[in-house]
1. Take the residues in region 149-165 that are in a loop (DSSP other than H, G, I, E, B) and within 18 Å of the chain's Cα centre (by Cα), then tell me which one is farthest from residue 31 (Cα to Cα).
2. Please specify each residue of region 203-247 satisfying the condition of being touching a strand residue (DSSP E or B) at 6+ places or on another chain (Cβ under 9 Å) and not in a helix (DSSP H, G or I).
3. Any residue in region 11-33 that's more than 19 Å from residue 121 (Cα to Cα) and touching a residue at least 24 places away in the same chain (Cβ under 8 Å): show its pairings with residues that are open to solvent by 80 Å² or more (accessible area, probe 1.4 Å) and outside any helix (DSSP H, G or I) at Cβ separation under 8 Å, as long as the two are six or more apart or on different chains.
4. If I ask for residues that are open to solvent by less than 10 Å² (accessible area, probe 1.4 Å), closer than 30 Å to residue 99 by Cα and among the aromatic types (Phe, Trp, Tyr), which ones from region 17-46 would you list?
5. Any idea which of (1) under 24 Å from the mean Cα position of the chain (by Cα); (2) over 21 Å from residue 168 (Cα atoms) is the one residue 146 doesn't satisfy?
6. Step by step: first the residues of region 166-190, then only those that are touching a strand residue (DSSP E or B) at 6+ places or on another chain (Cβ under 7 Å), surrounded by 14 or more Cβ atoms within 10 Å (Cβ to Cβ) and in a strand (DSSP E or B), then the one that is modelled with the lowest pLDDT. Which residue is that?
7. Among the residues of region 197-239, which ones are more than 30 Å from residue 125 (Cβ to Cβ), surrounded by 15 or more Cβ atoms within 10 Å (Cβ to Cβ) and among the charged types (D, E, K, R)?
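The values are calculated or read from the model by the stated rules, or taken from the named source; none is laboratory data. Values in this document were obtained by computation on a predicted structure and should not be read as measured data. Here the Cβ positions follow ideal geometry from the backbone for every residue, glycine too, while neighbour counts run over all protein chains shown. Please note that ligands, DNA and RNA were not included when accessible areas were found on the heavy atoms of the full protein model with its side chains. Shrake-Rupley method; radii C 1.70, N 1.55, O 1.52, S 1.80 Å.
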Amino acid sequence: MHIVRIDLVALLFLFFLNLYIIILINLRLKLFQYFFYLRSAFDCVSHDLLVNKLMVDFNLEPKYVKLIYEGLTNRVFKIHGNDKLYTLPCGIPQGSALGPLLFSIFINKMGESISCPFLTYADDLVIYQSGTNSSDVLKSLQKDVIAINVWCKMNGLKINFDKTKYMVFHKDKDLSIKYECHDRLEIENNVIERVFEFKYLGLIFEPCMQFKKHFVAVKKRVSQRLSYLQGVKRFLSTNVMTIMVNAMSILLSIMD
């Protein structure tokens, strides 16, 4: 059984994002937030563009740039059942120590194209804007969404519009939001839908930040694991049961 536990950086990212949202909605402001996903982002990074950014934007010494470039270009792959080797014209190896850092360097200049606040985590991007007038906030964000799309095209990246969504956060008793119509946003015939529930980095967001659906989801998963342990415990000794729980980290990984 494979358990994936969220890392400390993602945990801090979620903490500050949640804190920011809760503060704003308690100030009775409406917060529009777009969750962007890039399509195969690591695999689409241009080696030439990355080298240019390393040398021009970060003044990295040529000997180190050459070392990185050779590490990116001297890679091959083959298809299962076929012995022929194929080269990789672009992309950063995922799972490598330098992969996330190189990708962060590659998209470092994206923030200069937009005016609204934003947060990035790996290949996920969140932009947000708050205010009392929903129409003004939405217009400001729409300009930035278009700018992000243009920047991605110029740098060989593509937005995954199927996964990209937006949400409006507000106070629970704010009835005005129910009468405002901003159901979706269209960018070059691609629709960004408004959602009322969105799972991001393992956390289920809701417009009023009450976390009811996240609690229900976690409770369900924990109950399933407890039922599994309940079913096998009569066949195992106490020591074996303890080792099994500690080794698998079933409950801890879910409750994180």
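1. 157
2. Across region 203-247, the qualifying residues are 204, 205, 206, 207, 208, 209, 211.
3. Close Cβ pairs satisfying both conditions: 28/132; 29/132; 30/132.
4. 34, 35, 36, listed by residue number.
5. Checking residue 146 against (1) under 24 Å from the mean Cα position of the chain (by Cα); (2) over 21 Å from residue 168 (Cα atoms), the one that fails is (2).
6. Residue satisfying both the conditions and the ranking: 185.
7. 225
Residues checked against (1) under 23 Å from residue 152 (Cβ atoms); (2) open to solvent by less than 90 Å² (accessible area, probe 1.4 Å):
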| position | (1), (2) |
| --- | --- |
| 54 | yes, yes |
| 71 | no, yes |
| 77 | no, yes |
| 80 | no, no |
| 90 | yes, yes |
| 94 | yes, no |
